[in-house]
1. Of Gly80, Gly121, Gly109, Gly93, which residue is without any contact (Cβ under 8 Å) to a residue 60 or more places away in the chain and not charged (D, E, K, R)?
2. One residue is enough: does the stretch 70-81 have a residue meeting the conditions acidic (Asp, Glu) and either outside any loop (DSSP other than H, G, I, E, B) or in contact with a Gly (Cβ under 6 Å, 6 or more places away or on another chain) (or both)?
3. Give the stretch 58-83 a look and list any residue that's over 16 Å from Phe191 (Cα atoms) and either in contact with a Lys or Arg (Cβ under 6 Å, 6 or more places away or on another chain) or among the aliphatic types (A, V, I, L, M) (or both), or say none.
4. Is the stretch 81-95 home to any residue that is in the same structural domain as Lys186 (by TED's automatic domain parsing), modelled with pLDDT under 90, closer than 21 Å to Glu204 by Cβ and charged (D, E, K, R)?
5. If only one of Lys183, Lys192 is surrounded by fewer than 16 Cβ atoms within 10 Å (Cβ to Cβ), of a type in the set (Lys, Arg) and assigned to a strand (DSSP E or B), which one is it?
6. So which of Pro205, Pro141 is surrounded by 16 or more Cβ atoms within 10 Å (Cβ to Cβ), in a loop (DSSP other than H, G, I, E, B) and touching a residue at least 24 places away in the same chain (Cβ under 8 Å)?
Amino acid sequence: MPLNTLGTITGSLFPSLEQTPSPARASHSPRREAAWRADLTRAWGYWRGKARDEAEGARIDAAFEEQLAEGPDFTRYHRGSDFKDAPSVTLDGNSCAKLMAAWRSIERGSWKAKEKGKHGGVIGKTGLRVLEAFLFVLYRPGRPICVPYEAIATAAMCSRRAVATALQWLQHMGLLTVHRRIKRIKTPLGFKVVQDVNAYELHEPRGLGAIAAKLFGGLAAMFSLGGSECRNRPAKGTHFLSLMSQPPKSGPPSAKNDPWKPLEIKRELS
């Protein structure tokens, strides 16, 4: 059985009600909007004069009325959007597993230190599901992650509003970066700017995320954020958690003050 829209149902029940289109978004710069209307009218007059037949002229008139009803294109994309290419994410399976282990460690550690009556950690269950969807469902090695909210909601098995809230919080925590993009599309009256699909960049925790990793991350954060699993070769660069893998400077190394000494003794005995 096909599903009808709410407007179709209410229109059949109340034929006296007219279906009015949604109004255009108000502009906060009247001069810029007036210049946009003048350019659009000038473009309409130019292409209308070049119409080869009445059908093409009607198509240009319809496009002109549609763009006037939509309003200026600069009011229809988000602040901070830019014309830029989506960054490619280069992560292998091992890096994905380490990042996910660090995020889960932050969530578990912050959950243990939560206040009474609070639910979840600093990332949240929805945030973890969104991160898992990015790493293990939507991510393709070497390709940019450019997916709409609906695809993320389907992969994370949650609502679109929950995905939008989780993405804002994850970006605030420094666990990922959202790149808002715009693009130009061709219309019968020239080009106009529209909102493009967002691009998402997965990286190590930054800002508040790095502080959360320091407080709650533990060994999982150390191995995924620059720590070294090899004792003979230190990690490239310095990190606040890499000091945990080094023996104390006071006194000679021994089984008492060297955390790696019992492992070496056990290896020699075996």
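The values are calculated or read from the model by the stated rules, or taken from the named source; none is laboratory data. In this text the structure is predicted, and so the values were computed from the model without any measurement. Using ideal geometry, Cβ is built from the backbone for each residue, glycine included, and neighbour counts are taken over all protein chains shown.
1. From the options Gly80, Gly121, Gly109, Gly93, the qualifying one is Gly93.
2. Yes, the stretch 70-81 contains at least one residue that is acidic (Asp, Glu) and either outside any loop (DSSP other than H, G, I, E, B) or in contact with a Gly (Cβ under 6 Å, 6 or more places away or on another chain) (or both).
3. Across the stretch 58-83, the qualifying residues are Ala58, Ala69, His78, Gly80, Ser81.
4. yes
5. None of the other options fit; the residue is Lys183.
6. Pro205
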